[in-house]
Amino acid sequence: ELHGMLFIFDSPEIQRFWMQNTPLSLDMIFVNENRRILNMAESTMPMSKQTYGSKGPAKYVVEVKAGFSKRHGIEEGMSIQWKVRPIK
């Protein structure tokens, strides 16, 4: 529940993601360089070629289990932080 994937890009730009090879639904959180949430794609469609994009230049994209955003009251405009742990 409290784990996810953090994508970090060299510079902020419009980001587009899809779910073609992902067998479970995710929430995608698009974040600008100041760590403010631009927008979210909630409960994405698994194994789909549908694209989900940021509504502005994003430096980060956080992927978490579908429903995470609603369960934790996460909304556009909020600031976000994370703890990065090495993969074991």
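The values are calculated or read from the model by the stated rules, or taken from the named source; none is laboratory data. Just so it is clear, the model here is predicted, and its values are computed rather than measured. Cβ placement follows ideal geometry from the backbone for every residue including glycine, while neighbour counts extend to all protein chains displayed. Each accessible area value is taken on the protein alone, full model and side chains, heavy atoms only, with ligands, DNA and RNA left out. Shrake-Rupley method; radii C 1.70, N 1.55, O 1.52, S 1.80 Å.
Things to note:
- For LYS59, a cut-off of 14 angstrom between C-alpha atoms picks up these aspartates and glutamates, skipping any fewer than 8 places away in its own chain: ASP10, GLU13, GLU33.
- For the stretch 8-88, chymotrypsin sites (Phe, Trp or Tyr not before Pro) meeting the loop criterion (DSSP other than H, G, I, E, B) and having at most 12 other Cβ atoms within 10 Å: TRP82.
- Among THR22, TYR60, ILE87 - extreme Cα towards positive end, dipole of the chain, charges at beta-carbon: ILE87
- Using a Gaussian network model of the chain in which every pair of alpha carbons under 10 angstrom is joined by a spring, one finds that among ARG35, ARG71, ARG16 the greatest mean-square fluctuation is at ARG71.
- ILE14-HIS72 FRET efficiency (beta carbon distance; Förster radius 22 Å; 0.05 resolution): 0.30
- Prolate/oblate/rounded label for the stretch 19-58 (Cα gyration tensor, a/c 1.5): prolate
- Shape category assigned to the chain from the gyration tensor of Cα positions, a/c cut at 1.5: rounded
- Per-residue accessible area (protein heavy atoms, 1.4 Å probe) orders ILE14, ILE80, ILE37, ILE87 as ILE87, ILE14, ILE80, ILE37, starting from the largest.
- What you get for the chain, charging only the Cβ of Lys and Arg (+1) and of Asp and Glu (-1), is a dipole of about 200 debye around the Cα centre.
- Environment charge of GLU33, counting only residues whose C-beta is closer than 14 Å and scoring Lys/Arg +1, Asp/Glu -1: +1
- Rounded accessible area of SER11 (nearest 10 Å², 1.4 Å probe): 60
- The candidates LYS65, LYS70, arranged from most to least accessible area with a 1.4 Å probe in the full protein assembly, appear as LYS70, LYS65.
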